[in-house]
Amino acid sequence: MSNFKSIKKKSHVFEGRILEFEKILVEYYLHNALSTPESKKIVLIRAYLIIHGQLTQRQLKELTKSSISTISTNLTNLITAGFIKRRMQPGTHEYIYFPVPHSEDYIDEALGSVKPDIEFLKSKIKEIEGIDGTNKKGYELLLGRLKETCRTFQIYHQILDSIRGADIIINIEESKETEEITIEDLQFLEEDFDPILKKIEEDVMDFFMHQSAYSILKSHEIIFFVYFITRKILTQKKLRKLTGLSSGKVSQVLKNLLDVNLIEKVDKKVLQKFLPIEKILKIHYMMITFQRSFMMSGVKSGVDLSNWEEKFKEIAFELKRDKQKLEKLNGYHEVFEQINNLLSVMQLHKKSLTYYKKFLD
C-alpha cells in the first residue's frame, strides 16, 4: 500500500488564521532566498511543497499564481537537482510532487551537506596536479583556488560534526586563509587560462550548476560565482568577455552578489601598488578567499534568522494556546509542524554562526 495519502481527501487551500501563518512561512522562504540569488518562482514552488508535503501541478498553479508551463519547467529543474521527486497519483493521470531529504542526517539536511562538493573538488585538484604546469597559464591560480575552496568545505564539514557533538577541535587561526592580492591575481584580467585548464574550469562550472547544493541558484549568478571562485578578481569588462552578457546585466548580477556578501569591491589603495592610474579608476570585484565569502554569507544569513525566530515563536505560542479553535482549520498540523521544524533549524544555525564569526575576527 502506498504511503502517500490521496490529495483529493483534503483541500490544499488553508483557511483563516492558518492561511495567514502560511503566508508568513512563504514570506520567510522568499526572504531567505535573498541570501542566495535563487529564482523567486522556484522558491515559491519549493516553499509550498515543503509546507504541504505533496502537491500536483494544478494545485501549485493555484497557490503560486504561475502558469502550468512555468510550474512544469521549475519542477523539472528541481527534480534534476534532486530536491523533489514525483509519483503518479493512484487512479488519476496526475503526478504528485514532494520534497526529498538530501541526507538522512538531520544536521546535514538542515544546514546543507557539502560532501559531494568535497569529493568533486578533490578529483579536479588531482586532475590539475597530473598536468605538467610548465607554461600552462592559470595553473597556479586555478589549483590554488580549488584547493582553498575544498578546504573551506572540509572546515564546514568539521563544523557540522562539531555541532553533532563530535570531539573535534577546529584550529581557527591555522585554518584562516591569507587575504592578500598579488600582481599574479591581476594577470588574467588581460589574459585567459590555458585551454586544458579552461576545460577544467568549465567542468567546475557544470558541477556547480547541476550537481552542487548551489545548483538551484539563478544561472547567471552561479556562473559569476564560479568565475570568482576560479579567478579571484574580475572587472565588468572581463565578465562581459567571459559570459557574453550586456553591461546592464553584468552590473545587475554583480549587485546581487555584493548584496549577499559573496563578493566585495577591491580597495583602490591596494590596486595602486600594481596598476596604472587609468586602470585603478575601473571598479575591480573580488572573492579574496572563498572561505571569507562563505563565512560572510553565513553570518548574514544567521543574523537575518534571529528576527524570524521571534516571529515563529509567537506563532508557535498562538498555535498551542488556541489549538482547540485553530485545529479545526485546514492546514493547522502542516503549519505547526513546519514552524517547529524551522525553530529547530534556527538553533543549529546559531551554533554554526559562532564558528563563522571566529573565522572573520
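The values are calculated or read from the model by the stated rules, or taken from the named source; none is laboratory data. All values reported here derive from a predicted model rather than from experimental measurement. Glycine gets a Cβ as well: all are built from the backbone with ideal geometry, and neighbour counts include every protein chain shown.
Yes/no matrix, rows are residues, columns are (1) farther than 28 Å from Gly82 by Cβ; (2) at pLDDT below 95; (3) outside the structural domain of Thr73 (by TED's automatic domain parsing); (4) surrounded by 17 or more Cβ atoms within 10 Å (Cβ to Cβ):
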position	(1), (2), (3), (4)
Ile200	no, no, yes, yes
His210	no, yes, yes, no
Ala213	no, yes, yes, yes
Ser219	no, yes, yes, no
Ile223	no, yes, yes, yes
Thr230	no, no, yes, yes
Gln252	yes, yes, yes, no
Exclusive hit being surrounded by fewer than 20 Cβ atoms within 10 Å (Cβ to Cβ), within 21 Å of the chain's Cα centre (by Cα) and free of Cβ contacts under 8 Å to residues at least 40 places away in the same chain, set Glu264, Glu278 = Glu264
Within the stretch 310-360, count every residue that is within 28 Å of the chain's Cα centre (by Cα) and either crowded, with 16+ Cβ neighbours inside 10 Å or touching a residue at least 12 places away in the same chain (Cβ under 8 Å) (or both).
-> 28
Taking the stretch 296-330 as the region of interest, how many residues are among the polar types (S, T, N, Q) and at pLDDT below 90?
-> 4
Does Ser293 meet the test of being part of a helix (DSSP H, G or I), among the hydroxyl-bearing types (Ser, Thr, Tyr), at pLDDT 85 or above and surrounded by 13 or more Cβ atoms within 10 Å (Cβ to Cβ)?
-> yes
Just checking, which of Glu334, Glu278, Glu318, Glu309 is of a type in the set (D, E, K, R), over 30 Å from Glu15 (Cα atoms) and assigned to a helix (DSSP H, G or I)?
-> Glu278
Determine which single condition Leu262 fails, assuming it passes every other condition in (1) outside the structural domain of Ile118 (by TED's automatic domain parsing); (2) of a type outside the set (Val, Ile, Thr); (3) outside any helix (DSSP H, G or I).
-> (1)
Hey, among the residues in the stretch 165-195 that are among the β-branched types (Val, Ile, Thr) and within 15 Å of Met287 (Cα to Cα), which one's surrounded by the most Cβ atoms within 10 Å (Cβ to Cβ)?
-> Ile181
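For the structure I just gave you, tell me whether Thr235 is within 23 Å of the chain's Cα centre (by Cα), outside the structural domain of Glu15 (by TED's automatic domain parsing) and not charged (D, E, K, R). Quick ask: steps written out before the conclusion?
Working: within 23 Å of the chain's Cα centre (by Cα): no; outside the structural domain of Glu15 (by TED's automatic domain parsing): yes; not charged (D, E, K, R): yes.
Against the criterion (within 23 Å of the chain's Cα centre (by Cα), outside the structural domain of Glu15 (by TED's automatic domain parsing) and not charged (D, E, K, R)), Thr235 does not qualify.
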